[in-house]
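The values are calculated or read from the model by the stated rules, or taken from the named source; none is laboratory data. What you see is a predicted model, and the numbers here were worked out from it, not measured in a lab. Cβ atoms come from the backbone with ideal geometry, glycine included; neighbour counts cover every protein chain shown.
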Amino acid sequence: MDIIATDFKATWKKTRYVFQDINQDLAQPTKEWLDTLTEKQILAVIVWHFRRDHFSEGSWIADSGADGHMAVLVDALSGRCERQGLIMKTKTIETDGITYIEPVPGATSEWYYGMDYEHGDLYEAEELFKDGHVVKGRKLCLVHFPDGEVFFPVPKTEGHYSEKPIFFDGGIYMLDVDFPNGVIRIVRFDSRDHQVSIHTELPLSSVKDCYNLQLRISPLTLLRQSGNELDIVWPEKVSLSMEDHDTFFLRDGEKLFFNRWFEEGEDVDYKYWEETIVRDLNGNVIEIFPGDVMQMPNGEMWYLK
């Protein structure tokens with residue numbers, strides 16, 4: 001920081017004529033005048049304002065009488081800095097106490113979600129309910145980018161619990177498990193008109209438990225993975241076995257994609273690598289290739305090898 005400030009002190013010496021212009025009132029800087037400043041001059045203003053201890057009291061700027069106007073100048077510069085990307089624009093998003101958000105999985109770059117973890121994950125909330133404890137519900141918010149508008153499509157309700165959402169075909173889908181009534185609801189939030197509807201309902205008894213119960217695409221699929229077993233619960237009813245170190249991560253029609261990791265050796269001889277296993281709905285392996293696959297916000301599938 002000291003080195004940076006020293007550099008800008010030199011910049012000040014080179015550009016001081018800008019601020020000694022008797023025709024420019026620093027208390028009322030015009031947009032036209034601000035637009036004549038270079039990036040270094042803008043940064044020099046900001047550095048001087050916040051690090052003025054790096055300049056001697058006898059310097060030209062201290063003697064110019066401009067100190068009283070400097071805050072006004074910095075505020076006026078902020079608009080141009082934001083327009084040109086020279087400083088970061090900040091925005092306050094009211095998420096009702098949820099302090100972490102991440103992109104909604106699926107082909108979208110506009111939506112983020114956040115959840116609270118008062119009762120942990122879904123399966124932990126299920127265990128608490130089975131043990132006779134009160135499940136207070138789960139708060140889940142959706143945040144739209146770039147405006148920062150916030151939605152709470154599934155209200156926090158006692159006895160209910162949600163899981164992370166997924167984007168598919170213009171909607172954001174999420175689970176709402178109703179423990180007292182033994183119901184799994186798949187809720188749809190329309191990304192265009194923001195209407196909320198129940199997409200489908202299933203009996204909670206249709207799954208062994210809620211461990212790793214999640215929505216995936218595409219098509220929209222409800223599944224559960226535990227150990228070496230993968231159970232597709234909806235829209236088909238399919239169960240298949242996997243090998244050790246296999247994790248399901250994506251569906252593409254009749255193809256199921258699994259990540260498999262390997263490791264061998266120790267210390268300097270340690271090696272780690274991954275493969276992608278593609279199976280059909282009967283569990284038959286139809287393709288194996290090195291690396292991984294990920295879906296991009298525009299819907300493209302990228303193969304990382």
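Scanning region 255-275 for residues that are within 27 Å of Leu220 (Cβ to Cβ) and among the acidic types (Asp, Glu), which turns out surrounded by the most Cβ atoms within 10 Å (Cβ to Cβ)? Among them, the one singled out is Glu275. For region 182-212, the tally of residues that are over 15 Å from Val154 (Cα atoms), surrounded by 14 or more Cβ atoms within 10 Å (Cβ to Cβ) and in contact with a helix residue (DSSP H, G or I) (Cβ under 6 Å, 6 or more places away or on another chain) stands at 2. Restricting the first member to region 119-136 and to residues that are at positive phi, and the second to residues that are of a type outside the set (D, E, K, R), the beta-carbon pairs closer than 9 Å and six or more apart or on different chains are Gly120/Leu128. Taking the stated definitions as given, is Val233 touching a helix residue (DSSP H, G or I) at 6+ places or on another chain (Cβ under 8 Å), at pLDDT 90 or above, outside the structural domain of Gly170 (by TED's automatic domain parsing) and buried (at least 16 other Cβ atoms within 10 Å of the Cβ)? It is true that Val233 is touching a helix residue (DSSP H, G or I) at 6+ places or on another chain (Cβ under 8 Å), at pLDDT 90 or above, outside the structural domain of Gly170 (by TED's automatic domain parsing) and buried (at least 16 other Cβ atoms within 10 Å of the Cβ).
One residue stands out in region 125-177 among those that are among the aliphatic types (A, V, I, L, M) and surrounded by fewer than 18 Cβ atoms within 10 Å (Cβ to Cβ): the one that is nearest to Gln214 (Cα to Cα), namely Leu128. The single condition among (1) over 24 Å from Met301 (Cα atoms); (2) in contact with a Leu (Cβ under 7 Å, 6 or more places away or on another chain); (3) touching a residue at least 40 places away in the same chain (Cβ under 8 Å) that Leu215 does not satisfy is (1).
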